[in-house]
Structures are given as structure tokens and as C-alpha cells.
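Asker: What follows is a structure written as C-alpha cells; I'll ask about it next.
The values are calculated or read from the model by the stated rules, or taken from the named source; none is laboratory data. Bear in mind the structure is a predicted one, so any value in this text is a computation, not a measurement. Every residue, glycine as well, gets a Cβ built from its backbone with ideal geometry; the counts of neighbours run over all protein chains shown. Only protein heavy atoms, including side chains, enter the accessible area calculation; ligands, DNA and RNA are left aside. Shrake-Rupley method; radii C 1.70, N 1.55, O 1.52, S 1.80 Å.
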Amino acid sequence: MQWVSLDGKIVPYESATVHIAAAALKYAASVFEGVRGYWNGDSGVLRLFVLDEHLRRLSDSAALMRMDYGHRPDCLVSSIEELILENDLRQDCYLRIAISIIGRGGIETCGPVSVSIDAFPFERKPGASGIHVSVSSWQRITDASMPSRLKCIANYHNGRLAKLQAKLDGYDDTLLLNRNGTLSEAPTSCFFLVKSGRLVTPSLSDDVLASITRQVVCELAGEMNLAVEEREITRSEAYLGDEAFLCGTGAEILPVLSIDRMPLNGGGVGPVTHRISSAYFDAARGRNPAYGARACCVRFSCAEEAP
Ligand code: PMP
């Protein structure tokens, strides 16, 4: 049986439903976080990488969407731990934590809210050996219309349309330009370009999600003495990059082999992308001491040892 957490209680997966009249369904009034858990079989520990940062962004998302939700990280952490143990998740997994307005009123409804957590096994996404991306004809939503920096489900229709179009056109993924015609991000991940040994990524004011992986990549680049520039990137600059990659909690690090069929690094994974990728997995899996404390560790006791 699979379990989910609903408002602090563990309930069967099938019973965690939302009413058709809820503002979450009528107006897409729901915010969420995606968190990865990395399993270490030797120590019997599941490492929820940079969980604090995710819970902080979740509160920010709820506040920006004017939801009746206080900052309750402690309750959330205990519900998360309980759910992981209940589902016996001794493997790499993904958590989806959502705050949804379940009130039945009109467009201005702010509450009450429901807090749900789903946790399920999740391996590496396809594309680890490299992906081919397009530049989308859909424009990234702008912060002048809705807060593009947060994770509200309404925002995802923008990326969904762009991704579906890219797939129909034969690409693995796509990059959206913003209202200024410069690069923003992919539908569910951020973009980095590598040029002459420097990393370049659009700045937070270029209508990108305030990505946690993007921040970690910038820190790791600093550890490697690689310069990072957060600034506008034009489409033609991207075509002429030495290397490029996408990053995100779900995506982790995905090398970009071509943009609009213009090959980067001769169509192979470049050395800087390779170094960033290894450093990222070291941090996420707890092999980099600087990131030892940047995770919430769920410990499975010996009594619960796998058969
Ligand atoms: N942009 C969007 C739209 C996303 O959904 C994600 C995935 N959360 C990202 C970027 C990457 O963000 P993060 O590193 O926080 O997962």
C-alpha cells in the first residue's frame, strides 16, 4: 500500500483527493516543492538534499500567492520523515510537497489550505548523456504578469505548452526567451552556458524560477574557482557557447548537446559540464563535507532492516 501525508496525517494514496469546487482546482491556487531523496544503503540513511531551502521557498510561494499559511517547517519535517518511513523508501526518491487552497469561494479565496506530501521512488531522468534542445516560440511568463520566481502550479502551463511543442518538433527539451528576447530557462530546469571556462546563467530578474540547484551550481563553481556570471544571455550567444547544461532538482545536471541543432562542444559532453555534474552528485549524496549538513537525514533503524 502507498501512503501520502495530508494535513499531518498519513492516509492511503487513493483517499488524498481535492474537491472539484476547491480554489486549487478552479484557479490553480496551489504552490509546491519538489525535493530529491538520495539513499545511502551503507548507512541506512535517506538524504533529503537542501530540504531547508525548499521549505523556505515553499513558504515564500504561499506568501506571494497570499495563501492563509504560516511558516510551519518543523511540522512539515516530521510529516515528511513519518511518510518516508511509512512508505519504506530505502531508495532514491522524490517528494512533492503542496499547499493548496481547498476553500470553495471565488477568485479571491485565500483559505483554508491543505498541505499534502507525496513521496515515491525516483531514478535519474533520461538524458544524463546529453539532450538536444530548441529555443521555444512560447515566451516565458513575466514577473509583470505573475510571480515567475515561485512554484505556483498555474505557472506550469507556460512550460507545459513549450515542452509539448518541443517534443512534437523532435527535441528533448526547450529554452524559453523572456519578454526582452533573452534566455530565461527550460520548462522545469535552469540554463547554464559555459564560455571560455566561465559559467553564465540568466539572472533572477530574467523571469527564472529562484532555483535551488542553480544556487548550488554557482556555489560549486566557486569551490572550483570557476567564474560565474549572472546576466542576460542572447540566443546567438547561446549558439556560440562552448558547452551548456540544464539543472534542477529533478533534472539534476543534464548536458545540452545542441541548441536548435547547432552543436555545442562538437555534440559531446564538455569537460566543465562533466566536472559540475560530478561535484553536484558529491554534494547531493553527502560526499562533499561542505554539504554534509545541507540535508535532512532520515534514518532507518536496524529493526527496520530490508528483508
Ligand atoms: N525552473 C522551473 C520552472 C522548475 O520547475 C524547476 C524545478 N523545480 C527549476 C527551474 C529548477 O529549480 P530547482 O533547482 O529549485 O529544482
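Asker: From the square roots a ≥ b ≥ c of the eigenvalues of the alpha-carbon gyration tensor of the stretch 1-114, which class results: rounded (a/c under 1.5), prolate (a/b over b/c), or oblate?
Answerer: Judged from the Cα gyration tensor, the stretch 1-114 comes out prolate (a/c at least 1.5, a/b above b/c).
Asker: May I pose another question? Please give me the summed charge of the neighbours of PRO271: other residues whose Cβ is under 14 Å from its Cβ, Lys and Arg +1, Asp and Glu -1.
Answerer: On the way: positive: LYS195, ARG198, ARG275; negative: ASP242, GLU243.
With Lys, Arg at +1 and Asp, Glu at -1, the neighbours total +1.
Asker: I'd like the carbon and sulfur percentage of the solvent accessible area for the stretch 12-57, probe radius 1.4 Å, heavy atoms only, ligands and nucleic acids excluded. It would help to have the intermediate numbers written out before the result.
Answerer: Working: 1090 of 2010 Å².
Carbon and sulfur atoms account for 54 percent of the accessible area of the stretch 12-57.
Asker: Give, as a single signed number, the net charge of other residues whose beta carbon lies under 12 Å from the beta carbon of ASP92, with Lys and Arg counted +1 and Asp and Glu -1. Numbers along the way, then the final one.
Answerer: Values: positive: ARG36, ARG47, ARG90, ARG124, LYS125, ARG285; negative: GLU123, GLU252.
Cβ neighbours under 12 Å give a net charge of +4.
Asker: While we're on this one: At a 1.4 Å probe radius, which order do ILE141, ILE276 fall into by accessible area, largest first? It would help to have the intermediate numbers written out before the result.
Answerer: On the way: ILE141 30, ILE276 0 Å².
The ranking, largest first, comes out as ILE141, ILE276.
Asker: Anything over 19 Å Cα to Cα? Flag those among LYS26/LYS167; LYS26/LYS151; LYS26/LYS125, in the order listed. Can you show the working numbers first?
Answerer: On the way: LYS26/LYS167 28 Å; LYS26/LYS151 17 Å; LYS26/LYS125 31 Å.
Beyond 19 Å: LYS26/LYS167; LYS26/LYS125.
Asker: Could you work out how far the C-alpha centroid of the stretch 75-124 sits from that of the stretch 146-163, in angstrom?
Answerer: Comparing the Cα centres of the stretch 75-124 and the stretch 146-163, I get a distance of 19 Å.
Asker: Could you please report the charge total around ILE117, scoring K, R as +1 and D, E as -1 over all other residues with beta-carbon less than 15 angstrom from its beta-carbon? Don't jump to the answer; show the numbers that get you there.
Answerer: On the way: positive: LYS9, ARG36, ARG72, ARG96, LYS151; negative: ASP7, GLU33, ASP74, GLU81, GLU82, GLU86, ASP118.
Net local charge, ILE117 excluded: -2.
Asker: Then there's this: With each label point set 7 Å from Cα along the Cα-Cβ vector, what nm distance links ASP68 and THR17?
Answerer: 2.4
Asker: Next question, about the same structure. Pull out the extension gain between GLU223 and PHE120, defined as 0.36 nm times the separation in residues minus the alpha carbon to alpha carbon distance; nm, one decimal.
Answerer: Taking 0.36 nm per residue and subtracting the Cα distance, the gain is 33.8 nm.
Asker: Two-decimal Rg/Rh of the chain from alpha-carbon positions, Kirkwood Rh? Show your work: numbers first, answer last.
Answerer: Numbers: Rg = 19.7 Å, Rh = 20.3 Å.
We get a ratio of 0.97 for the chain.
Asker: On to the next question. Return the distance in nm (one decimal) between the two label points of a simple spin-label model at SER145 and HIS157, each offset 7 Å from Cα along Cα→Cβ.
Answerer: 1.0
Asker: Which whole-number value in Å² is the accessible area per residue of the chain, probe 1.4 Å?
Answerer: 46
Asker: Give me the percent of the accessible area of the stretch 211-293 that comes from carbon and sulfur atoms, probe 1.4 Å, all protein chains in place. Let's see the in-between values first.
Answerer: On the way: 1780 of 3370 Å².
Taking all protein chains in place, the stretch 211-293 shows 53 percent carbon and sulfur surface.
Asker: Continuing with the same structure: May I ask you to derive the FRET efficiency for LEU25 and SER196 from their Cβ-Cβ distance with R0 = 41 Å, giving the value to the nearest 0.05?
Answerer: My answer for the efficiency is 0.25.
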